[in-house]
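Everything below concerns the one structure shown next.
The values are calculated or read from the model by the stated rules, or taken from the named source; none is laboratory data. This one's a predicted model, so the numbers in the text were calculated from it and none came from an experiment. Quick reminder, even Gly has a Cβ in these numbers, built from the backbone with ideal geometry, and neighbours come from all protein chains shown.
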Amino acid sequence: MAVIDTQGRLFGKVSILDVGAALVILFVVLGIVLPGSGGDSLIAGGSQSVEVDTIVLGLSASNPKELIKAGDKTNFIIRNAPAGQVDIKNVEFLPRNLAITQPDGSVKPLPDPRVEAQYVSNILITLEGKAEVKGDNIKLGGTDIKIGVPVELGGQQYNFKASVIDIRTDK
């Protein structure tokens, strides 16, 4: 008796195509059920504390120092996807300077004398939160975060558009 007959059946009883389909279904089910084979292995690096430096340029507000303070929490939005709340570790208001040419030809940074400049701020904000880190991939709130990514910081009275300029992890 032949293993495969002329009609493509194993031992004259089961079709080869049926056996192949059953094996594919079995492997799919095993891939879903067995531990370590699902999506959990993608975040095997675990959760780590990260610091993210963001910069807000040209913020127009009458008194931004009252809006955002170190020690508060803020909503963090990456590419229009909410990434949860993070702690505000540090807020630094950067000076608004102009490059002024001096009589000897040198250039000196001096405070912007325009009246409207008092209502425009540049702010360096350091945020702290937990992220999933695996190699060079950092996910905050399930969304990849990288230098240069536009983000939003949202509170009860503000919504700042910022840009990520640095990311530090505790290694």
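Points to keep in mind about this one:
- Neighbours by Cβ (under 7 Å, 6+ apart or cross-chain): first from the range 142-158, in the same structural domain as R79 (by TED's automatic domain parsing); second surrounded by 16 or more Cβ atoms within 10 Å (Cβ to Cβ) and aromatic (F, W, Y): V151/F76; E152/F160; L153/F76; L153/F160
Conditions (1) touching a helix residue (DSSP H, G or I) at 6+ places or on another chain (Cβ under 9 Å); (2) at pLDDT below 90; (3) among the hydrophobic types (A, V, I, L, M, F, W, C), marked per residue:
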residue: A61; (1), (2), (3): yes, yes, yes
residue: E66; (1), (2), (3): no, yes, no
residue: A70; (1), (2), (3): no, no, yes
residue: N97; (1), (2), (3): no, yes, no
residue: G105; (1), (2), (3): no, no, no
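- Residue list for the range 113-133, restricted to those being over 13 Å from F76 (Cβ atoms), surrounded by 15 or more Cβ atoms within 10 Å (Cβ to Cβ), hydrophobic (A, V, I, L, M, F, W, C) and touching a Lys or Arg at 6+ places or on another chain (Cβ under 7 Å): V120
- Sub-8 Å Cβ pairs linking a first residue in the range 89-103 that is in the same structural domain as Q118 (by TED's automatic domain parsing) to a second residue that is small (G, A, S), at least 6 apart or interchain, are K89/A70; N90/A70; V91/A70; F93/S121; L94/S121; R96/A117; R96/S121, ordered by first then second residue.
- Of the residues making up the range 134-150, none is aliphatic (A, V, I, L, M), closer than 15 Å to T74 by Cβ, at pLDDT 90 or above and in a strand (DSSP E or B).
- The set of residues in the range 74-109 that are more than 17 Å from V56 (Cα to Cα) and in a strand (DSSP E or B) comprises A81, P82, A83, G84, Q85, L98, A99, I100, T101, V107, K108, P109.
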